[in-house]
Every structure is written in C-alpha cells, then in structure tokens.
Amino acid sequence: MISHVGFSTTRPVILKTVHNAIVDVAYALSEKHHFDNERFHGGRDVITTGLTLSNFVAGRSTLGGVFHTLQDFYSHSNWVELGNIAPYSTLIKPEQPLQNLAGLSTPTCRNCIGGNCGTNLLEQSLLTSGYFNLFSKCSHGGSFDQTSTHDPVGGINKDAVDSSHGSLHQKAADLAVDATLELLEDIRQAVGDKNFLCKHFVCTSAIVEINCIAK
Ligand SMILES: [Zn+2]
C-alpha cells in the first residue's frame, strides 16, 4: 500500500519499493501475504520470517516484501475502525499472542446501505479482515472481490480514497508509515547503526560506502 517512507531514493530504497509492489503480483492469491481472510497468524509469520531472512544478503528485497504485508494489515483489517491510533506492535513480536481475533464462524459485517459502507462492521471489539471467498464475513470489496456483491454486500478495505472504507484511507496510510518506522527502528536496534545503514539504505552514497568497504 505504502510505496516508500520518506527516505532518499538511493538504490536500496528503490529495490525495496519494487519488491513491495511485486508482492501483489507474485503472491496475488496468498491470503497471508495481504492479511486477507483473517489470516493474522499467517501474515505475522510472513513478517517475522522475513525479518530473520533480512539479515542476509537478500535482505533488501525480503524487507520490501515484509513492508508490503505489514502495511496491508492497516488497509485490509478493521484495526483503524476499532479506534486504534498506534501500530499493532504484536505483528513484529512473535512471542506475543494475537488477541481478540474474530472466530471463523463469527459474523463480522452487515450489508452496506445504498453503497454506503460506513456502518457495515458489526459493533464488536474483534479483529477481522476482508474476505474474498466466504459469505457472512466482511468482504474485501472492490472490483476483484466477487463476494462483495453477496450478503453482506460491500467491503472494508481502505486501499484508496474511493475504496469501501476509503474515508479511512489516510488513517490507515499514516498507521502503515508508523508501523514501518517502528519495524525499521526494531531492526536498527538489533543490528546496530552501521550495519543498518550499510545493508539497508545508504551504501550507494560515496561517504558511507567508504565506511562500509573499510569495515
Ligand atoms: Zn497486498
């Protein structure tokens, strides 16, 4: 969803941007890579496994894919609608339990009314996400989602301002940025400043490249 987080356009950042976008093609039908169909555990596994792999040479592309899955959570789930104003840190902390998940048989949505999906989520404090293939649950919504025309009609995604919950697009985008920054800070603390900079962001700048080569 979010293609960059405000860093200079050095080659590593461009690589991450490309690999972020590639996830929508390479893993188009993978529910867990997009937090679709309430695949919260699977989505977190994609993130935390990717973080482990990102310590290796292929880290830049892997991390780009991790960004994609992490950012999709805020657009495809009801985290924003639940009133949260901070990232869901548990998504990058595999030792912490994912809580308040809607059960597979728990209805989560009602019909949108006249194309207005502002109140289609049922009033409950359970975490859910949009489905592409199951009725009685919230649908993702949009032209690629054939289930959104069935009861319950409509969807909950916030991918764009004209999406089913597009009025919340900016809030989802802001949280996705905050979550991405939180993840990067987590990595920086784990690997140290020098490794973090050289491996992930600015090794193409002449000054830092010298430091990287010299270490
Ligand atoms: Zn996606």
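Quick notes on this one:
- Residue pairs whose Cβ atoms lie under 7 Å apart, separated by 6 or more positions or on different chains, with the first residue in the range 14-34 and within 17 Å of Asp45 (Cβ to Cβ) and the second at pLDDT 70 or above and not in a helix (DSSP H, G or I), are Glu31/Arg39; Lys32/Arg39; His33/Tyr27.
- Lone qualifier among Lys171, Lys158, Lys199 - being among the basic types (Lys, Arg) and modelled with pLDDT under 80: Lys199
- Some residue of the range 35-58 being away from the ligand (no atom under 14 Å from the Cβ) and under 12 Å from the mean Cα position of the chain (by Cα): yes
- In this structure, Gln71 does not satisfy being at pLDDT 95 or above, over 13 Å from the mean Cα position of the chain (by Cα) and either more than 17 Å from Lys158 (Cβ to Cβ) or not small (Gly, Ala, Ser) (or both).
The values are calculated or read from the model by the stated rules, or taken from the named source; none is laboratory data. Keep in mind that what you see is a predicted model, and the values were worked out from it rather than measured. Positions of Cβ are generated from backbone atoms using ideal geometry, with glycine treated the same way; all protein chains shown enter the neighbour counts.
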